[in-house]
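Everything below concerns the one structure shown next.
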Amino acid sequence: MKLEEAKKRVHALKEEIQVHNRAYYELDRPTISDAEYDLLVRELVALETAFPELVTPDSPSQRVGGKPLEGFKAVRHREPLLSLGNAFSGEDLLSFHHRVTQAVGGDKVEYVVEFKIDGLTVALSYQNSLLVTGATRGDGEVGEDITQNLKTIATVPLQLNSPVAVLEVRGEAFMPKKAFLRLNEDREEAGAPVFANPRNAAAGSLRQLDPKVAASRQLQVFVYDILYLDGASIDTHGEALKYLEQQGFLVNQERFCSGDMEQVISYIRHWSEKRHELPYEIDGMVLKVNDLSQRRELGATSKAPRWAIAYKFPAEQARTRVTDIMVRV
Ligand SMILES: NC(=O)c1cc2c(=O)c3cc(F)ccc3oc2nc1N
């Protein structure tokens with residue numbers, strides 16, 4: 001096959017693979033069987049091996065990791081990755097709302113309410129629209145470089161859809177419930193220890209030094225926050241989520257925007273009851289101030305932003321806290 005022909009075929013294969021990825025991961029409606037999909041990727045890899053000049057950074061062939069790493073490199077985050085303060089009741093949410101309203105001088109405040117996906121925080125860093133680094137949160141300042149593992153996740157873009165100088169985003173890597181149950185069945189059969197829950201399974205999979213293991217674990221990443229952006233201007237969190245979607249990230253479609261705390265609390269109650277119907281685990285909901293200038297006004301403590309809070313669902317089986325036992329003793 002001549003270069004010109006190979007070029008056309010490689011382009012067609014990449015287009016087709018991209019269509020199947022979107023159908024499979026975002027619309028949850030697979031369009032071809034896994035076997036047929038693998039054939040497409042194998043043909044692409046073969047052509048790129050024969051014509052290395054046809055390899056591009058966004059090619060699906062760039063997702064299959066290399067050999068296992070010796071260990072993970074440290075990655076210092078550009079901005080510290082903070083954690084969320086917690087609310088456990090309606091009253092906690094109302095006092096959060098009161099604090100926020102006070103701090104913005106009584107102005108109207110609108111919130112975006114999202115699922116709190118029960119997974120592992122990851123930070124993805126892009127330069128000139130290409131994925132450069134993917135890292136765990138670590139201690140918030142320094143995380144582990146797990147780029148090779150994150151590249152194996154089809155919903156993590158290797159190249160963004162439109163030009164941007166620097167974009168750093170935060171997301172949650174997770175393992176869907178179906179994949180978790182299947183993995184534990186396989187491990188049980190193989191006599192390997194099973195994972196306690198999907199979050200541990202996702203964390204264990206991303207901490208694998210061999211990217212082929214991570215690639216086999218059907219992980220996904222919902223992206224929910226822009227940590228740093230040089231190349232576009234955005235005024236609200238709602239716009240940020242739309243921007244992330246346009247750039248090719250998987251962004252959760254289920255979210256609610258309102259300034260009325262009654263509506264916010266009933267929306268949270270709705271999902272507290274319905275969450276078992278979701279194909280992935282959530283351990284609460286996250287309430288975030290929508291207006292980015294109000295976020296700047298509110299700022300953050302050394303540990304948590306003042307413009308967001310996590311409402312934690314009551315755990316199914318109330319775990320006995322050590323303090324309770326201590327008190328009894
Ligand atoms: N698990 C999640 O689905 C989720 C987690 C966070 C955070 O941890 C988080 C931490 C911050 F400092 C600021 C915003 C955040 O927004 C978040 N939004 C989410 N949807």
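The values are calculated or read from the model by the stated rules, or taken from the named source; none is laboratory data. As the structure is a prediction and not an experimental result, all values here were calculated from the model. All Cβ positions, glycine included, derive from the backbone under ideal geometry; neighbour counts span all protein chains shown.
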Problem - Selected residue (only one of PRO211, PRO198 is closer than 13 Å to ILE146 by Cα and out of contact with any Leu (no Cβ under 7 Å at 6 or more places or on another chain)) - result: PRO211
Handout entry: region 57-102, residues that are more than 16 Å from the ligand (Cβ to nearest atom), assigned to a loop (DSSP other than H, G, I, E, B) and within 20 Å of ARG269 (Cβ to Cβ)
Key = PHE88, SER89
Fill in the blank from the handout: Scanning region 104-136 for residues that are over 20 Å from the mean Cα position of the chain (by Cα) and part of a loop (DSSP other than H, G, I, E, B), the one nearest to TYR267 (Cα to Cα) turns out to be GLU110
Exercise for the section: Go through the residues of region 292-300 one by one and say whether even a single one is charged (D, E, K, R), out of contact with any helix residue (DSSP H, G or I) (no Cβ under 8 Å at 6 or more places or on another chain) and either at pLDDT below 95 or within 9 Å of the ligand (Cβ to nearest atom) (or both). Expected result: no
Practice task
Hey, could you check region 16-61 for residues that are hydroxyl-bearing (Ser, Thr, Tyr) and touching a His at 6+ places or on another chain (Cβ under 8 Å) and say which is surrounded by the most Cβ atoms within 10 Å (Cβ to Cβ)?
Solution key: TYR37
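Would you tally the residues in region 6-56 being outside any helix (DSSP H, G or I) and more than 14 Å from ALA154 (Cα to Cα)? It would help to see each step written out before you state the result.
So in region 6-56, the residues outside any helix (DSSP H, G or I) come out as 27-33, 51, 55-56.
Narrowing the set further to residues that are more than 14 Å from ALA154 (Cα to Cα) leaves 29, 31-33, 51, 55-56.
The total comes to 7.
For region 301-314, give me each residue that is of a type in the set (Ser, Thr, Tyr) and either near the ligand (Cβ under 9 Å from one of its atoms) or surrounded by 18 or more Cβ atoms within 10 Å (Cβ to Cβ) (or both). Please lay out each step first, then the result.
Just the residues of region 301-314 that are of a type in the set (Ser, Thr, Tyr), to begin with: 301-302, 311.
Result: TYR311, single match.
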Practice task
Within region 110-141, work out how many residues are among the hydrophobic types (A, V, I, L, M, F, W, C) and more than 16 Å from the ligand (Cβ to nearest atom).
Solution key: 3
Completion exercise
Of those in region 116-159 that are free of Cβ contacts under 8 Å to residues at least 24 places away in the same chain and closer than 16 Å to PRO57 by Cβ, the residue surrounded by the most Cβ atoms within 10 Å (Cβ to Cβ) is GLY134
